[in-house]
Amino acid sequence: MANPPLQKCDICGEPQDTQNYEGKNICTICYDVMEDIMADYFLKVIESGNRNRPEHLYVKYIESNIKFMSDKSRIMEKVPQHLKTTEKRLLFNLSYENLTSRKRFYEYALKVLEWLKNNQWFYKYYFKNIYRCPKCGASLFDNYVKETKGEWVIISCAVCNNVVRKYYKPEIL
Ligand SMILES: [Zn+2]
Ligand SMILES: [Zn+2]
């Protein structure tokens, strides 16, 4: 008679309400935090990829298949540094936060981060369909446009204008 038991969240151990990432048991609270952490990483990685690259060279970049092949490893390149700086930032913010709801957010974020430290493959999983534009195949390292619209940050492909990702208030960390 009883409903089948809910899967437990791999990160916080609470019952998972819905499956937010395909094939992964991550609850909605942890998912929201994860999206913030990944948005932060995504923006950092693609922005560092774009630095000092004049616009007229973009077409040359996307024509290079060698570039495409290296994108997978480029995604993982800054992971250790990102884990470290994010943890520092979270601990700092937590120590100065008085609002209970914000404290709770930082505590969850630390849990998610701890899990990420032991599961770094998640970065690869998360970005596997994002580092290239799903529509035209251009590498987003060299071809993206970042726009802020109200509370949203929108990443789109500079080659075909396809919206690749929308993030809600990712500066929350
Ligand atoms: Zn959870
Ligand atoms: Zn595109």
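Read the figures in this text as sums done on the coordinates, not as results from a lab. Owing to the predicted nature of the structure, the values given are computational and were not obtained by experimental measurement. Because the Cβ atoms are built from the backbone with ideal geometry, glycine has one as well, and the counts that use them run over all protein chains shown.
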Going by what's in this entry, would Asn118 be described as polar (S, T, N, Q), within 16 Å of ligand 1 (Cβ to nearest atom) and out of contact with any helix residue (DSSP H, G or I) (no Cβ under 7 Å at 6 or more places or on another chain)? yes
What number of residues in the range 121-134 are exposed (fewer than 13 other Cβ atoms within 10 Å of the Cβ) and more than 16 Å from ligand 2 (Cβ to nearest atom)? 2
When you scan the range 98-147, how many residues do you find that are part of a helix (DSSP H, G or I) and polar (S, T, N, Q)? 3
